[in-house]
Amino acid sequence: MFGLGPQELIVILIIVLILFGGKKIPEIMRGLGQGMREFRHATTQATEDIKKLAEEDDKDKKAA
């Protein structure tokens, strides 16, 4: 995972706990998860829009 070993991940986790405390971490993770969900939805929507445009372009070329 990103070239990090278990020791590095533990150090990062300890730093996060010290900086934010145990009560803030669930809020931060919830916000991160929601942001990732919205990003995936946006990329899926963009892909579908591009496919529709490509199909419409193909239909226009065949009709001409």
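Note on the chain: with neighbouring protein chains present and a 1.4 Å probe, carbon and sulfur make up 66 percent of its accessible heavy-atom surface.
The lysine pair tally for the chain, using Cα distances under 21 Å and a gap of 8 or more places or different chains, is 5. Angle of helix 6-63 to the longest C-alpha principal axis of the chain, folded into 0 to 90 degrees and rounded to 10: 0°.
Entry comment: accessible area of the chain is 95 Å² per residue, from protein heavy atoms only and a probe of 1.4 Å. Three semi-axes describe the equivalent ellipsoid of the chain; taken as square roots of 5 times the Cα gyration tensor eigenvalues and ordered largest first, they are 45, 15, 5 Å. Entry note, the chain: the mean residue ellipticity at 222 nm calculated from DSSP H runs of n ≥ 4, each adding -39500 (n - 2.57), is -34000 deg cm²/dmol after division by the residues and rounding to the nearest 500. Here the label points at residue 59 and residue 4, each 7 Å from Cα along the C-beta direction, are separated by 4.7 nm in the simple model.
The values are calculated or read from the model by the stated rules, or taken from the named source; none is laboratory data. Everything numeric in this text was worked out from a predicted model, so none of it was measured. Note that each Cβ is placed from the backbone with ideal geometry, even for glycine, and that neighbours are counted across all protein chains shown. Remember, those area values only see protein heavy atoms, side chains included, never the ligands or the DNA or RNA. Shrake-Rupley method; radii C 1.70, N 1.55, O 1.52, S 1.80 Å.
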